[in-house]
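Presented below is the structure to which this report refers.
Taken together, the values in this text are just the output of simple stated rules run on the coordinates, not laboratory data. Keep in mind that this is a model prediction, so the values were computed, not measured. For neighbour counting, all protein chains shown are included, and Cβ atoms are generated from backbone atoms with ideal geometry for every residue, glycine included.
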Amino acid sequence: MTDPDLVLKKLARIESCLQDLHDLARPEDLTNDLREQRFVEHTLQIAIQSAIDAAAHVVADERLGEPRTQRELFDFLARAGWIEAKAVTPYQNFHHALRPLPSASLRPTTCTPRNGPLGSSKNERMPSEHHTCSSCAM
């Protein structure tokens, strides 16, 4: 059974990250301030990982399927009615939306090989995921 407290904790973490970006980030300094770039990158990574963790928890506990990719976590949630299908599209195109940012080291979670546990109650592991796009070295 899905633990609502865990999901709420992950959602609160996402809201906190978004609020920090809204209150503290200085977009005008992204091109010339490494510390600002790192703050934005790290805060986005925390928010994204929290979304993935929450999705993995629900998918595993509700037995919605066995995702082969992180994106499939959100596809399963949409098919089961946990989120709207249109919410999956931004995730699908997220890495392309980030390409204009000045930091060459910025690589979204979807472009990182994933072999670790996804937070399921059984500590199941997802097969390696290798995303390929023109902006990735994979």
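The table that follows gives values for the structure above.
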{"quantity": "Contacts under 6 angstrom Cβ, first residue in region 1-29 being at negative phi, partner hydroxyl-bearing (Ser, Thr, Tyr) and surrounded by 11 or more Cβ atoms within 10 Å (Cβ to Cβ), 6 or more apart", "calculated": "LYS10/SER50; ARG13/SER50; ILE14/SER50; CYS17/THR43; ASP20/THR43; LEU21/THR43"}
{"quantity": "Verdict on THR43 being without any contact (Cβ under 8 Å) to a residue 60 or more places away in the chain and of a type in the set (Ser, Thr, Tyr)", "calculated": "yes"}
{"quantity": "Residue within region 4-17 that is surrounded by 15 or more Cβ atoms within 10 Å (Cβ to Cβ) and either of a type in the set (Phe, Trp, Tyr) or not in a helix (DSSP H, G or I) (or both) present", "calculated": "no"}
